[in-house]
Amino acid sequence: MPASAVPASVASRVRQNPLAAHGWDDAWEEEFAPYADRALVPGRVVRVDRGQCDVATAEGTCRADTEFVVPRDPMKVVCTGDWVAVDPVGPDPRYVRTLLPRRTAFVRSTTSKRSEGQVLATNIDYVIVCVSLAEELSLGRIERLLALAMSCSDGDALLRDEAPGAVRRQEYTTTPLVVLTKADLVPDAATLGHLVADVEASAPGTPVLPVSAATGDGVDVLAAVVSGGTSVLLGRSGAGKSTLANTLLGEDVMRVHAIRDVDGKGRHTTTTRNLLVIPGGGAIIDTPGMRGVGLWDAQTGVGQVFSEIEELAGECRFQDCAHVAEPGCAVLEAVDSGSLAARRLDSYRKLLREDERIAAKTDARLRADRRRDWKRKGAEGRAAVRAKRGHLAP
């Protein structure tokens with residue numbers, strides 16, 4: 001977008017405070033007040049790399065060392081999108097002295113056996129799930145990403161220690177959006193309409209926008225949506241995230257590689273998470289392609305993505321219905337009648353099991369409860385088998 005297209009309101013805020021382009025507002029100003037009294041300056045982390053980070057301040061971008069804010073908890077490390085207090089003007093690298101409480105955070109589980117969480121981006125307003133129409137749609141993957149997207153709120157909880165009776169700050173939430181990239185590769189409008197409808201059925205209540213960076217179709221709508229805050233782009237390699245970022249930025253800032261002809265997969269062009277300011281308003285965080293996306297504390301998000309199943313579950317005969325073979329199960333009845341796709345129910349079960357498994361690995365009490373539940377169900381199953389064979393239960 002050319003500079004002449006920048007809205008007057010955006011240009012005015014930036015003139016008053018250059019950090020406004022990065023999302024600085026009155027609430028952040030109030031949050032930062034104690035650090036201003038210590039002669040520190042505010043800035044937003046736009047890139048993290050090996051113990052140092054690039055921080056955008058009112059005077060420009062500086063290099064800063066994170067030595068004084070290195071926690072043992074990986075969920076509290078400095079991340080792209082964080083607002084920080086850094087040393088005043090001086091030689092680089094300066095030092096990050098503290099992180100401001102996070103409004104929101106996008107977290108996934110790592111692939112390590114320790115089942116740790118990994119913060120990918122913070123203080124975000126929009127989560128843009130990028131899906132390429134150059135390959136066959138994976139509705140399950142879209143549901144997985146949306147479950148995480150709808151769970152990334154209250155990022156402040158990752159930094160604070162809850163105390164009984166503590167006053168909670170204002171809660172912030174993120175808005176998910178599914179962007180179907182490379183829409184120009186779809187042969188006709190009817191086929192594109194069917195693809196959009198399929199994704200909408202798997203993302204109830206979530207806007208689904210087909211976009212083509214090559215033709216510009218849908219880009220103006222997306223730019224208008226993201227102009228009101230900070231957005232993070234998510235998706236696998238080759239989904240067109242970097243191309244989309246370049247289109248919104250109006251210049252080729254992010255490197256782009258062609259996808260492989262053999263399997264249609266992309267190569268990891270983006271290797272770090274970078275926060276960039278959109279000329280027309282808003283900021284965008286481009287992330288490396290994610291081949292593995294593990295859930296992390298995503299039960300709320302799963303419930304929202306599969307809201308129709310949650311509603312049906314309220315009509316089941318038993319409150320603890322597992323929707324497997326119980327009598328009076330409204331969910332199974334909906335599957336039998338065709339009003340609920342069996343694929344949706346399978347995906348719902350899979351994501352809930354995964355989220356519960358991850359949670360159990362990090363919560364000793366939950367692990368104990370889960371073992372008791374397994375023993376109870378095992379005993380009930382054995383009793384049912386004995387009864388079926390004509391044996392009396394002990």
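For I278, the accessible surface of its heavy atoms amounts to roughly 10 Å² (probe 1.4 Å, protein chains only, rounded to the nearest 10). Given R0 = 35 Å, the distance between the Cβ atoms of S138 and S307 translates into a calculated FRET efficiency of 0.95.
On a 1.4 Å probe surface of the protein chains, which of K241, K76 comes out largest in accessible area, and what is the full order? Walk me through the numbers before you get to the answer.
Details: K241 15, K76 55 Å².
Ranked list, largest accessible area first: K76, K241.
The modelled label-to-label distance for the pair V324/E29, using points 7 Å beyond Cα in the direction of Cβ, is 5.7 nm. The alpha carbons of region 188-236 give a radius of gyration and a Dmax of 12.2, 33 Å, in that order. Taking label positions 7 Å along the Cα-Cβ direction at both E333 and D49, the computed distance is 6.0 nm, reported to one decimal. Accessible area ranking (1.4 Å probe, heavy atoms, ligands and nucleic acids excluded), largest first, for W24, W83: W24, W83.
Would you kindly state how much longer the chain becomes between F68 and D188 on full extension, computed as 0.36 nm times their sequence separation minus their alpha carbon distance, in nm to one decimal? List each step's numbers first, then the result.
On the way: separation 120, 0.36 × 120 = 43.20 nm, distance 5.59 nm.
Additional length available on full extension: 37.6 nm.
Computed with every protein chain present, the accessible area of R349 is close to 60 Å² [probe 1.4 Å].
Taking amide H as placed 1.01 Å from N in the peptide plane, R273 has its amide H under 5 Å from the amide H of V48, each at least 5 places away in sequence or on another chain. Measuring only protein heavy atoms, the 1.4 Å probe finds F318 accessible over about 90 Å².
The packing ranking, built from the mean of other Cβ atoms within 10 Å per residue, places the peptides 178-184, 221-227, 206-212 in the order 178-184, 206-212, 221-227, highest first.
The values are calculated or read from the model by the stated rules, or taken from the named source; none is laboratory data. Only a predicted model underlies this, so the values are computations on that prediction, with no experimental measurement involved. Here Cβ is always computed from backbone atoms with ideal geometry, including for glycine, and neighbour counts include all displayed protein chains. When the accessible area is computed, the model is the full protein with side chains, heavy atoms only, and any ligands, DNA or RNA have been set aside. Shrake-Rupley method; radii C 1.70, N 1.55, O 1.52, S 1.80 Å.
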